[in-house]
Amino acid sequence: TNSARVSHSVFVRKVVEVGDGRVVTKVGVLQVDWRRPPPLPPVDVVLAADVVYARHLIPALVTLIRSILDGSADEEHSQDMVIKRKSENRSVYGQQGKTEREECNMMQHPAEREGAEFKEKQRISEEINEEDKVSKRKEEGVNEREAYIACTRRNQETLSVFLEEVQHQGLSHTLVYQATLGTDTALFLYNETHLPVKIYKITLPHNVPHPDV
């Protein structure tokens, strides 16, 4: 298999936002190159299955997992959001001429215009407050991120290389589930139903420096 293609996996993001009594679910799909990952949205938990298969890609995979757990993977994304928010603020409150929106507002009834401006200010205020809450939770260590990696043990040596790399990068791993699925318990029947399946929980202890590469 072409290694340039093997290193890509599908990253799925699901965000639930609560506001004004409403619950909104957003799902996004993104192709991620483990070796050169793009800035990622903030992640609460990582779920992955059968991603430990090519030894030469294991260091890149673990580096990506660590960057998600320590938050460095989404720093650029957060900066982009701040720039976007400032741009929105300027468009709403800026005094550098009248935009089409402002001209339209001038034609509205004063009560409608004030109501629209109030809703816009309230929306921006809610975004800022939500970001402040997330930052505070991170500082307090409340929002600790976790990764759950499911592995089908086809080659014990490859799995050992993965776990050694996890330790090398300062991560902790715990075996949280293991089973050997037979024909009576497997959800999907194929020629590997009797291979053991293990699920590891991977976390990043606080104040652990990144190892020198």
Quick calc: nm separation of the 7 Å Cα→Cβ label points for R35 and R22 -> 4.4 nm
Projected label distance in nm at L195 and Y177, using a 7 Å step from Cα toward the beta-carbon: 1.8 nm
Sorted peptide list for 147-155, 166-174, 22-30, criterion being average Cβ within 10 angstrom, highest first: 147-155, 166-174, 22-30
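Values in this text are rule-based calculations from the coordinates and carry no lab data. Computed from a prediction, not measured in an experiment: that's the story for all the values here. As a convention, Cβ positions derive from the backbone with ideal geometry for all residues, glycine included, and neighbour counts pool all protein chains shown.
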